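Worksheet: one structure, shown below.
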Amino acid sequence: MLLEINPLVLPDIGLVFWNTVAFLILLIVLGKFAWKPILKSIRERETGIADAIASAEKVKAEMAGLVNENEALMVKAREERALMIKEAKEASDKMIATAKDKAKSEYDRIVAEAQHAILQQKNAALTDVKNQVGSLVIEVATKVLGRELANKADQENYIQQLAEAVKLN
Amino acid sequence: MGMAAKSIKSLLVVTFSLFILLFSNRIQASEHPQPEQANTEGHAKGDFNVTKTILEHIKDDHSWHLGGHLSLPLPVILYTEKGLEVFSSAHLVDEHHEPIVYSGNSNYKLVEGKIKIMGDDGSINTKASGKLLDISITKNVATLFLTVIILLLVFLKVAAAYKNTGTTNAPKGLQSFMEPIILFVRDGVAKPNIGHMYERYMPFLLSIFFLILINNFLGLVPFFPGGANVSGNIAFTMTLAVCVFVVVNLSANKNYWQHIFWMPGMHWTMKLFLAPIELIGVFTKPISLMIRLFANITAGHILVLSLICLIFIFKTVVASAIAVPFAVFIGLIELLVAFLQAYIFTMLSAMYIGMAIEEHHHETAHH
């Protein structure tokens, strides 16, 4: 029965033997000296590439962060500048205001002093006038007394005239 | 230009395919009377015997036919009851390539390609021949050694290239040619079928893949370094299938055996019913691997040889006008088959390994 099998499907023991030997040699030698180093190198390269891509992404993200930071800094700087300008303006306004106030008070003081001086002069002048009026009165009285009351009506007119003259002063 | 070339190509494919269809019908129609003719008339008139010619080309041989009358004799290694014996296969044939008796420890003669021990009366000594252990370096064994040497040279060189170029440089030359194939076996075969444990089985799968691939390719080369039908030999495919069987069953875990002998989640009667079926499955898997590769490669060789034999059947050179383009067409398909069968063998091996080491999470989830 077994002998009737087509020789094509009847395995030769010699080929099986040598094939086993050949395959084991191939498996052991290539497994140790080829497949493992090759696969290891490929894996290392792959992880290397993956790492490189990851770090590139990281750097990109960091760059984006830096740009954001820069922008934030710019905004902050702008704000600070605006604040500084505002403060400077306020300070200058304040200075101007104080200077104005000071000038006004000085002016007021000068005016007051001037008025005071004027008043004093006026008073002095008035005193002088009064003194002069007094001496005039005395002079007039002397004159009037010198005419010795000749006419009562004339005398009263005259007094009236004198009195008016005094008022004008 | 490109479009024209494309349409011509598809036209050729269609024509050849149609021819094959028609042709196969005719062959089927005339199949039955032919062998009788070949057997009766063919032998009587010393005529051309197609079956014999084709089988001679497919079978293993003790010498390596180079062309014409030139043959490369190969060492014959025999182990008999009388001990080990080594001699050249040139002693087994005369100058006309007809088998003759060689007298060593016993009388040896080639009968239908196999070495038999002859009795004193000139007939085969069946009893002694049965105990004869033939471990000769035949054509297939020599080709096998050649492929092993080629694979060792190529992949040790590639491994050295990886060492030299380092991991930061791109692969070059032979290395860059082999890397996609290695990656294909890793990412297309091992990873999806085996899972996270794939790395342990990579050397095995790569060795099997490349050994089958190079033997398939060398089998398609019709002249000297090729020409042997190694991957279409049942002994070769059987050895590899046995290797797969051993690897699968040695790496199998408890779950795998449990699923074979006592299928979980079934009624006990079903379990009893399934156990023998699953047990047969353990053996049919490697057997299917063995037969698939053997049958595919042998069928391809028979097809090409049959087409070439048409010239000798019709006894006219005009037949080559049809036979040669067809042989070339089938040869191109065989190139595809050579790669495909290496891939399928490796993929199914990986799948069987994956099934054997699979962890069944859905069960542990219950507990």
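Over chain B, Cα pairs under 8 Å with separation of 6+ residues give a relative contact order of 16 percent. Convex hull volume of the C-alpha atoms in chain B, normalised per residue: 258 Å³.
Computed from the C-beta positions of A:ALA52 and A:MET84, the FRET efficiency with R₀ = 35 Å rounds to 0.15. A simple charge model with +1 on the Cβ of Lys and Arg, -1 on the Cβ of Asp and Glu and nothing else charged puts the dipole of chain B at about 840 debye relative to its Cα centre.
Considering only DSSP states other than H, G, I, E and B, which chymotrypsin sites (Phe, Trp or Tyr not before Pro) in the range B:234-283 qualify as loop sites with at most 16 other Cβ atoms within 10 Å? Don't jump to the answer; show the numbers that get you there.
Details: sites: B:PHE236, B:PHE245, B:TYR256, B:TRP257, B:PHE261, B:TRP262, B:TRP268, B:PHE273, B:PHE283; in loops: B:TRP262.
Listed in order of number, the matching sites are B:TRP262.
Under Stokes-Einstein, with the Kirkwood radius over Cα pairs standing in for Rh, what whole-number D in µm²/s applies to the protein assembly as shown at 25 °C and 0.890 mPa s?
Diffusion coefficient, whole number: 74 µm²/s.
Per DSSP helix of 4 or more residues, -39500 (n - 2.57); summed, then divided by the residues of chain B. What does that give at 222 nm, rounded to the nearest 500?
-21000 deg cm²/dmol
Counting only the Cα atoms, the range B:213-367 fills a convex hull of 136 Å³ per residue.
Here's the list of aspartates and glutamates a cross-link from B:LYS157 could span, going by alpha-carbon distance under 18 Å and ignoring same-chain residues fewer than 8 apart: B:GLU179. Straight-distance candidates among the lysines for linking to B:LYS271, with alpha-carbon spacing under 30 Å and chain neighbours fewer than 8 residues away dropped: B:LYS254, B:LYS285.
Using DSSP to define loop residues, name the trypsin sites (Lys or Arg not before Pro) in the range B:144-242 whose beta-carbon has at most 14 other beta-carbon atoms within 10 Å. It would help to have the intermediate numbers written out before the result.
Working: sites: B:LYS157, B:LYS163, B:LYS172, B:ARG186, B:ARG200; in loops: B:LYS172.
Of the trypsin sites (Lys or Arg not before Pro), the ones in loops of the range B:144-242 whose Cβ has at most 14 other Cβ atoms within 10 Å are B:LYS172.
Using only the C-alpha atoms, the convex hull of the range B:63-217 corresponds to 180 Å³ per residue. Between B:ALA356, B:ALA161, B:ALA323, the residue with the greatest mean-square fluctuation in the GNM of chain B (Cα pairs under 10 Å linked by springs) is B:ALA161.
Backbone phi angles across the range A:38-51, fed through the Karplus curve with coefficients 6.51, -1.76 and 1.60 (θ = phi - 60°), yield HN-Hα couplings of 5, 5, 5, 4, 4, 5, 4, 4, 4, 5, x, 5, 4, 4 Hz in residue order; Gly and Pro are listed as x.
About its Cα centre, the dipole of the range B:158-214 is roughly 80 debye, where the only charges are +1 on Lys and Arg Cβ and -1 on Asp and Glu Cβ. The residue list B:LEU70, B:ILE287, B:SER103 was ranked by how far each Cα lies along the charge dipole of chain B toward its positive end, using unit charges on Cβ atoms, and B:ILE287 comes out on top. Computed on the range B:168-243, with alpha-carbon pairs under 8 angstrom and 6+ residues apart, the relative contact order is 16 percent.
5 Å is the cut-off here: which amide hydrogens, built 1.01 Å from N in the peptide plane, fall below it relative to A:ASP12, excluding neighbours closer than 5 in sequence? Counting only residues 5 or more places away or on other chains, the set is B:ALA235.
Between the alpha-carbon centers of the range B:104-146 and the range B:201-224, tell me the distance in whole angstrom. So the separation of the two Cα centres works out to 28 Å. Take the accessible area of chain A alone and of chain B alone, subtract that of the pair, and you get about 3800 Å² summed over both chains, using a 1.4 Å probe.
Counting only lysines at least 8 places from A:LYS143 when in the same chain, those with an alpha carbon closer than 28 Å to its own are A:LYS130, A:LYS152, A:LYS167. Quick one: which residues, 5+ away or cross-chain, put their amide H under 5 Å from the amide H of B:LEU72? H built at 1.01 Å from N. Amide H to amide H, under 5 Å and 5 or more residues apart or across chains, B:LEU72 pairs with B:TRP64, B:HIS65, B:LEU66.
Set the Cα radius of gyration of the range A:18-108 against 2.2 N^0.38 Å, with N its number of residues, and you get 3.10.
Treat the range A:7-71 as a sphere of radius equal to its Kirkwood radius over Cα pairs and apply Stokes-Einstein at 10 °C in a medium of 1.306 mPa s; give the translational diffusion coefficient in µm²/s, rounded to a whole number.
Details: Rh = 16.5 Å.
D, rounded to a whole number, is 96 µm²/s.
In whole percent, what relative contact order does the range B:100-218 give with Cα contacts below 8 Å and a gap of six or more residues?
Working: 62 pairs, mean separation 16.9, N = 119.
About 14 percent, as a whole number.
For the protein assembly as shown, the per residue solvent-accessible surface stands at 63 Å², with DNA, RNA and ligands left out and a 1.4 Å probe.
The values are calculated or read from the model by the stated rules, or taken from the named source; none is laboratory data. These numbers were taken from a predicted model, which means no experiment stands behind them. Glycine gets a Cβ as well: all are built from the backbone with ideal geometry, and neighbour counts include every protein chain shown. Protein only, heavy atoms only, side chains kept; ligands, DNA and RNA dropped before computing areas. Shrake-Rupley method; radii C 1.70, N 1.55, O 1.52, S 1.80 Å.
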